[in-house]
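Structure record follows, encoded as structure tokens.
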Amino acid sequence: MYMNFERPLLFGLSGTLVLLIMFISIEHGVYAISISIESPLSNQQVPVGELKISGTSSDNSSAQCQVYVDWNNLKPYQLATPTGSNGSSDFSTWSFTYTSKYHLIQTGLNDLTSKITCLVPPTGPAVTKWFSINVTGSSSPNQTSNVQLPLPTANNKGPSSEGPQTSSPQSETPIDTTNTSSPQSETPIDTTNTSSPQSETPIDTTDTLNSDKIALDLSVEHNPISAGDRQTVSLTASDPVSGNTLDRVFLRLTIKDPSGNIVKDYTDNDGKLEPSFRIDEDVTGAFSVLASASQAGIETTKSMTFVVQ
């Protein structure tokens with residue numbers, strides 16, 4: 001009777017010990033992995049359209065790893081091409097070309113993320129690491145000027161109603177200088193009830209004069225959110241009467257850190273924008289979100305904040 005009890009107990013303890021050793025090995029770096037994008041450089045200006053990127057990783061002949069990439073968190077991830085010297089499965093160096101089959105580089109900021117996933121022998125678990133850069137797509141590759149869209153404040157015009165605005169010296173990320181908003185939108189945006197930057201309540205500054213023509217729904221998935229976590233911002237432009245999502249409307253989302261530096265900038269033309277991005281682990285405070293929608297000479301703006309702890 002004791003033998004029948006001891007045998008499964010021994011097997012159970014052995015299995016637990018194997019798993020414990022495996023996770024300790026992972027924790028102490030035996031299966032440490034790494035990945036980086038080497039070309040282009042982060043914050044570099046690149047031509048819109050097709051773009052080839054390349055990078056390195058910790059993959060080697062004995063590892064079971066694969067490298068993937070995405071654009072602005074657009075899923076599914078795309079498998080990169082291994083270019084290492086050890087054959088078709090060596091991702092120690094790798095490359096990927098953004099084409100129309102997945103997504104082309106667009107005007108403005110483009111968030112390019114690489115991901116390495118490795119299977120810890122013999123049967124797992126899988127470990128993953130990410131590396132991201134931002135590049136600015138431009139139809140004028142030699143253009144060097146940077147612009148920054150300000151958040152709406154009392155007695156200010158819309159974010160681009162008077163042409164490109166010169167960026168603050170603190171802005172580290174170049175933005176395309178094309179003036180995409182309507183020249184007719186010159187209505188001051190009322191921010192009388194704007195709350196403190198540290199408030200956890202979103203700040204609503206909708207341009208009420210045009211909200212009866214274009215209704216904007218702006219929200220974030222997490223507020224507050226922890227530094228290093230992934231945030232998702234949702235923006236939808238709809239008809240105020242029918243509630244239907246508008247098409248052929250230009251949308252723009254700009255995210256600023258507590259110092260006022262632009263960290264993300266997204267655009268689209270189908271009435272809905274829902275990018276996701278990872279928050280810097282070293283920055284806390286109130287991040288600002290500025291949204292705008294333009295169609296047929298009408299522009300509506302809205303802004304809010306979320307708190308990173």
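Just so you know, all these numbers are worked out from the coordinates, no wet-lab data involved. Note that the coordinates shown come from a computational prediction; the quantities given were computed from them, not determined experimentally.
Quick one: which residues, 5+ away or cross-chain, put their amide H under 5 Å from the amide H of Val120? H built at 1.01 Å from N.
Ala126, Val127
Filter Lys52/Lys272; Lys129/Lys272; Lys115/Lys302; Lys52/Lys302; Lys52/Lys213 down to the pairs with a C-alpha to C-alpha distance above 32 Å, please.
Check vs 32 Å cut-off fails for Lys115/Lys302; Lys52/Lys302; Lys52/Lys213.
Quick one: the Cα spread of segment 244-300 along its three principal axes, in angstroms, biggest first?
So the three principal-axis extents are 40, 19, 15 Å.
Above 25 Å lies some portion of the pair distances; for segment 33-138, what is it as a whole percent of all C-alpha pairs?
Summing the P(r) tail past 25 Å for segment 33-138 gives 19 percent.
Express the Stokes-Einstein translational diffusion coefficient of segment 208-251 in µm² s⁻¹, to the nearest whole number, given a Kirkwood radius over alpha-carbon pairs, 4 °C and a viscosity of 1.567 mPa s.
Estimated diffusion coefficient is 107 µm²/s.
Tabulate in residue order the Karplus-calculated ³J(HN,Hα) for segment 91-104, using 6.51 cos²θ - 1.76 cosθ + 1.60 with θ = phi - 60°, rounded to whole Hz; enter x for Gly and Pro.
9, 4, 10, 8, 8, 7, 10, 6, 10, 5, 5, 10, 6, 7
I need the phi-derived Karplus couplings for segment 272-287: 6.51 cos²θ - 1.76 cosθ + 1.60, θ = phi - 60°, integer Hz, Gly and Pro marked x.
Once θ is set to phi - 60°, the couplings for segment 272-287 become 9, 9, 9, x, 10, 8, 8, 6, 4, 5, 9, 10, 10, x, 8, 8 Hz.
Could you derive backbone 3J(HN,Hα) for segment 59-68 from the dihedral phi with the Karplus parameters 6.51, -1.76 and 1.60 (θ = phi - 60°), listing whole Hz in sequence and x where the residue is Gly or Pro?
In residue order, the calculated couplings are 4, 8, 5, 9, 8, 10, 10, 9, 10, 10 Hz.
Long-range amide H contacts for Lys264: which residues qualify at under 5 Å (H placed 1.01 Å from N, peptide plane, sequence gap of 5 or more or a different chain)?
Under 5 Å from the amide H of Lys264 lie the amide H atoms of Ile255, each far enough along the sequence or on another chain.
For Asp280, which sequence-distant residues (separation of 5 or more, or a different chain) have an amide H within less than 5 Å of its own amide H, given hydrogens modelled in the peptide plane?
The list, which skips near neighbours in sequence, is Gly228.
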